[in-house]
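In what follows, a structure is listed as structure tokens, so that the remarks can point back to it.
The values are calculated or read from the model by the stated rules, or taken from the named source; none is laboratory data. All of these numbers come straight from a predicted model, not from anything done at the bench. Ideal geometry is used to build each Cβ from the backbone, glycine not excepted, and the neighbour counts take in all protein chains shown.
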């Protein structure tokens, strides 16, 4: 089997984001399974709101082009998505939209075709971001990404992590690591 290449990011840029913490746990599981994981912070890729007039008049923002290239270079997506008002964050939706834009010589949604994604969410609430993941799954599925059926939500996230960013609940820690491992194994099988 070939080594899987996975792009990992959270739909939050908050300094102490629970989703950035849980992402690192899943990344550790993917790396332990032999995956080559590139972790990016979306704050390093600032994007204006997707606007076709802006795109036509000023061209594709450089940050969108850089992100899109990362999508092309990886076969898997590991996404930690916060829930804002029962849905996807504006940051994550805007990122998905910009990367979806067709450049000259590309087919529509080329950066997403054939990708496999794993989803995780952490939230201070009791559902752990579950309602937001429903929307993320729907969006990704509609743009030709295969989303793993297993997803993990971390409820009461303010109390869920220790000082090292690991989950206090050992079985939950193992489940999140296993999600990263499953993504790595699935991508490897599909790309070999």
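Details
- Residue among 146, 150, 186 that alone is farther than 15 Å from residue 20 by Cβ and touching a residue at least 60 places away in the same chain (Cβ under 8 Å): 186
- Residue match in region 151-158 (condition: surrounded by fewer than 16 Cβ atoms within 10 Å (Cβ to Cβ), closer than 19 Å to residue 175 by Cβ and modelled with pLDDT of 95 or more): yes
- Hey, residue 167 closer than 30 Å to residue 62 by Cα, touching a helix residue (DSSP H, G or I) at 6+ places or on another chain (Cβ under 8 Å) and either surrounded by fewer than 16 Cβ atoms within 10 Å (Cβ to Cβ) or in contact (Cβ under 8 Å) with a residue 12 or more places away in the chain (or both) or not: no
- Only one of 184, 111 that is within 26 Å of residue 49 (Cα to Cα) and either in a loop (DSSP other than H, G, I, E, B) or under 16 Å from the mean Cα position of the chain (by Cα) (or both): 111
- Of the residues making up region 22-73, those that are surrounded by 21 or more Cβ atoms within 10 Å (Cβ to Cβ) and either in contact with a strand residue (DSSP E or B) (Cβ under 7 Å, 6 or more places away or on another chain) or part of a strand (DSSP E or B) (or both) are 22, 23, 25, 26, 27, 30, 35, 37.
- Residues that are more than 13 Å from residue 78 (Cα to Cα), in contact with a helix residue (DSSP H, G or I) (Cβ under 6 Å, 6 or more places away or on another chain) and free of Cβ contacts under 8 Å to residues at least 60 places away in the same chain within region 110-133 comprise just one, 111.
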